[in-house]
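Nothing in this text is a laboratory measurement; each read-out follows from the coordinates by a stated rule. Bear in mind the structure is a predicted one, so any value in this text is a computation, not a measurement. Here Cβ is always computed from backbone atoms with ideal geometry, including for glycine, and neighbour counts include all displayed protein chains.
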Amino acid sequence: MNSEEVPPSVNLLQSMRSVGYSLGAAVADLIDNSITAGAHFVILDADVIEGKYLAILDDGRGMTFEVAREALRLAGSVGDREDSDLGRFGLGLKTASLSQARCLTVVSKRAGVVTALRWDINFVRASGKWLLIVLDETEVSNLPLWSEFDAQSAGTLVVWHDLDLLLGDTTQPGAFVAEQLSGVRSTLALVFHRFLARRRERLSITINGVSLRPIDPFLSDNPKTQRTGPEAIDIGGVEVRVEGFTLPHPSGLTPEELRRPDLGNDMREAQGFYVYRNQRLISHGHWYGLARMNELSKQTRVQVDVPPSLDALWQLDIKKSQALPPQSFKLRLRQLIDPILDRGHRVHTFRGRRESTEVAHVWRKLSTRDGFAYEVNLESPFVGSVLSRLEAEDAERVVDLLQTIASTFPFMDAYVEVATNAPVNTIQPEREVILARLTVIHQSEILSNDPAVAVTQLIAVEPFNTVDDLRTLVDLIWKGTNAAQ
Ligand SMILES: Nc1ncnc2c1ncn2[C@@H]1O[C@H](COP(=O)(O)OP(=O)(O)O)[C@@H](O)[C@H]1O
Ligand SMILES: [Mg+2]
């Protein structure tokens, strides 16, 4: 048997760039390395003036030349890992960096010795070889965050230059980077929220001078948050912890919480499982097909802690932004989440039509001691015009009928329909019907005799406020009747 060594072509470095990292996920991958290296702080400095670089400094244990060289090799460090290691494939530093930039510089200090290495895609392509550039200290002393790095006894500085894939075809690189940073902030505040909120050994992350505050997706400090569990699910002798959280109704949120997009407009997309590996959030925003992402469950978030020994079963991806549960686990999970979802349904927020004081609605919303109710608004000009033409006894019967309809309206059914996104069809009455109604209104003499004025009054009266050619119809009735008089 013959064999031949076929090492990967240098084009691999180029191909690897398209793994599909977002900037936030790429930066998170570098911070994983900092945390694994025992860092207490991470400083990110991005060039928001010219968009030329992005640098990340940590105070971790740093690397010797040998370790750094191995760190920059693709899949270089996949040997034995400690259980708490946030890394996995030995690819993060390289793929995450090169997914954004053409040039990756790593400067590290260990026991006072500085090592500086660089992958430069242009250089590798030009030489056709896997040539890692070794820099000396004078060549790195003008890097961003150098003086901070220089002052530390150990740590690692990672710098990205030539941010081609990050910038794309933007014509305003500085402004673009600044805009991207705000997304990075919220991603990191969520992904590392447990580290940022620790009482001991708390991690500090500073982005362009502003330190990050953790975003706790479960509002565990809010007394109105309801918890279900925790429960442990056994998978082949390994424990996965699951805990359900039902977030408070918006009325129970603090002003600061109300400003959070994931508790406001984006709340619906933020429901579902939050899967953690070694305290770090891997994925969120879905139910793995076990529940629907609907309005009724939007208060529900389920925390799942998966130990790294189950990586393979959970199909952890290279970007560490996805993990799929094994089938056997899904079944168990399904049983667990049902009662949690039930609980969430009871807290549902009802977003009715925005009440405008300007429109005289046919319906009126009443706040009762333990909730709300609707009744027909007898002061509505439309209702009033009908009632005013009836004998007292008849009027009473009609009112009784209207309020019975109001109080027995199938709200829950309507709510579920709307919540599951069935389109609401408002039945538009025929022209004849509207004309008949306008006649009644006109005859009741509630409104002005002048059609122009009457139109301005009717524009704010249900159901006439939705009629397209109201002016024409009013003219027809008002003038027609006037002429008849
Ligand atoms: N900030 C850092 N501090 C110390 N060591 C680091 C740092 N970043 C990377 N390394 C080293 O480089 C190796 C490769 O990192 P990476 O490519 O992200 O793969 P992985 O994290 O899966 O091992 C790490 O295992 C670690 O030894
Ligand atoms: Mg890593």
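Laid out as a table, the results:
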read-out: Summed side-chain charge close to THR206 - residues other than THR206 whose Cβ falls under 14 Å, Lys, Arg +1, Asp, Glu -1; value: -1
read-out: Eligible lysines near LYS330 by straight Cα distance, threshold 22 Å, same-chain separation 8 or greater; value: LYS298, LYS320
read-out: Per-peptide average of other Cβ atoms within 10 Å, ordering 268-276, 452-460 highest first; value: 268-276, 452-460
read-out: Mean Cβ neighbour count within 10 Å, used as a protection proxy, ranking 433-443, 29-39, 256-266, 6-16 highest first; value: 29-39, 433-443, 256-266, 6-16
read-out: Cα-based equivalent ellipsoid of the range 363-484: semi-axis lengths in Å, sorted from largest, via gyration tensor; value: 30, 19, 12
read-out: Helical mean residue ellipticity (222 nm; -39500 (n - 2.57) per DSSP H run of 4+; nearest 500) of the chain; value: -10500 deg cm²/dmol
read-out: Rg/Rh (Cα only; Kirkwood hydrodynamic radius) as it applies to the range 243-317; value: 1.02
read-out: Sorted peptide list for 201-213, 178-190, 401-413, criterion being average Cβ within 10 angstrom, highest first; value: 178-190, 201-213, 401-413
read-out: Check: the range 11-211 dipole with +1 on Lys, Arg Cβ and -1 on Asp, Glu Cβ, in debye; value: 460
read-out: Loop sites in the range 88-164: trypsin sites (Lys or Arg not before Pro), DSSP, at most 10 other Cβ within 10 Å; value: LYS129
read-out: Calculated SAXS-style log₁₀ I(q)/I(0) at q = 0.09 Å⁻¹ - the chain, Debye, Cα scatterers; value: -0.77
read-out: Percent of Cα-Cα distances greater than 21 Å, calculated over the range 11-211; value: 49
